[in-house]
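Novice: Dropping the structure in here first, questions after.
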Amino acid sequence: MKKARIALVIGIFCISIFPILVKLKLTPGVISAFYRMAVASAIILPYALITNKIKIKSRGTFILAVICGVVFGLDVAVWNVAIQESTATQATLLTNLSPVWVGIGAFFFLKDKPTTNFWIGTVIAIIGMVLLVGLKTFVNLDFNLAFCFAILSGMLYAVYMLVSKKVLNELDVVTFMSITLLSSTIALGLISWVIGEPFSGFSNAGWLVLLIQGVVCQLLAWLLISFATKHMRATRVSVSLLGQAVLASILAWYFLDEAISIQMVIGGFVLLFGIRITFYTKRIGFSKKVIKA
């Protein structure tokens with residue numbers, strides 16, 4: 001469990017730079033998602049094949065892994081478009097409602113039901129998220145196509161977390177990542193071709209950003225997060241990933257000169273406190289009964 005928590009923290013650090021890279025708008029949204037998966041696939045697949053790491057136990061598990069890859073690829077593509085077509089803060093807020101969808105899905109479909117601490121921590125974390133992005137942004141949400149895409153991104157991500165938890169009980173992380181990345185790459189490549197997004201012609205900076213997305217934000221980050229998901233509750237991992245918003249705000253301040261207000265600092269602390277509650281092993285309330293959180 002300690003290794004899983006360390007892996008999760010490092011993975012969150014790795015994906016925190018992703019919104020900053022997307023905001024640069026050096027490549028179109030869907031093709032950016034395609035190259036993110038393609039670069040990661042080009043690294044992990046040869047390693048998995050040469051070392052004979054790919055072990056598939058059943059056809060059903062393989063199909064679920066493919067579904068995971070397609071869903072995750074669509075999630076990244078939709079989120080990219082949402083960020084580029086609206087404000088990054090609005091897209092981040094709406095996408096990070098995913099723990100709510102994960103909790104609802106876990107309640108109906110997983111054996112490990114969400115605990116009271118999860119729901120309390122999730123509510124507190126979302127309040128922190130609202131403070132972090134600003135009450136004005138929350139009140140003045142623009143209900144346009146980008147809004148719908150951001151909501152859809154959160155739902156797709158929730159589906160990915162729930163299905164991946166089931167699949168990772170049957171597959172090791174390298175096998176899971178190899179299948180999901182290849183299926184994501186194929187699906188996003190076909191979508192990019194159909195909608196006419198360019199596969200080349202980017203600046204040197206654009207290619208560098210695509211490489212960083214593939215190696216750091218996808219391969220390294222999701223190897224670590226998948227390892228954490230395999231050994232932890234899906235609900236707990238989903239709430240912990242909200243911490244990326246705090247890190248992304250700090251990075252945006254440092255690299256993009258975006259201001260950080262006292263309200264944002266307070267929101268960040270509230271968000272992290274909510275995440276901490278989901279890791280608390282005793283039921284919050286008057287009962288002294290100890291439960292698994």
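No value in this document is a laboratory result; all are computed from the given coordinates. Treat the numbers as computed from the prediction; the structure is a model and nothing was measured. Every residue, glycine among them, receives a Cβ derived from its backbone with ideal geometry; neighbour counts consider all protein chains shown.
Novice: What pairs can you find where one residue is in region 203-221 and over 18 Å from GLY69 (Cβ atoms), the other is polar (S, T, N, Q) and in a helix (DSSP H, G or I), and their Cβ atoms are less than 7 Å apart, with a gap of 6+ or different chains?
Specialist: Every condition considered, the pairs that remain are LEU210/SER32.
Novice: If you don't mind, there's one more thing I want to ask. Which residue is surrounded by the most Cβ atoms within 10 Å (Cβ to Cβ), if the candidates are limited to region 164-191 and must be polar (S, T, N, Q) and over 17 Å from ILE43 (Cβ atoms)?
Specialist: Going through the qualifying residues, I end up with SER164.
Novice: Could you identify the single residue in ALA42, ALA65 that is within 25 Å of LEU162 (Cα to Cα) and either in a helix (DSSP H, G or I) or touching a strand residue (DSSP E or B) at 6+ places or on another chain (Cβ under 9 Å) (or both)?
Specialist: Only one candidate passes the filter, namely ALA65.
Novice: Right, next: Please work out which residue is nearest to the chain's Cα centre (by Cα), limiting yourself to region 192-214 and to residues that are among the β-branched types (Val, Ile, Thr) and surrounded by fewer than 18 Cβ atoms within 10 Å (Cβ to Cβ).
Specialist: Here is the first cut: in region 192-214, the ones among the β-branched types (Val, Ile, Thr) are 194-195, 209, 212.
Applying the additional criterion that residues be surrounded by fewer than 18 Cβ atoms within 10 Å (Cβ to Cβ) yields 194-195, 212.
Details: VAL194: 26, ILE195: 24, ILE212: 16 Å.
Among those that are among the β-branched types (Val, Ile, Thr) and surrounded by fewer than 18 Cβ atoms within 10 Å (Cβ to Cβ), it is ILE212.
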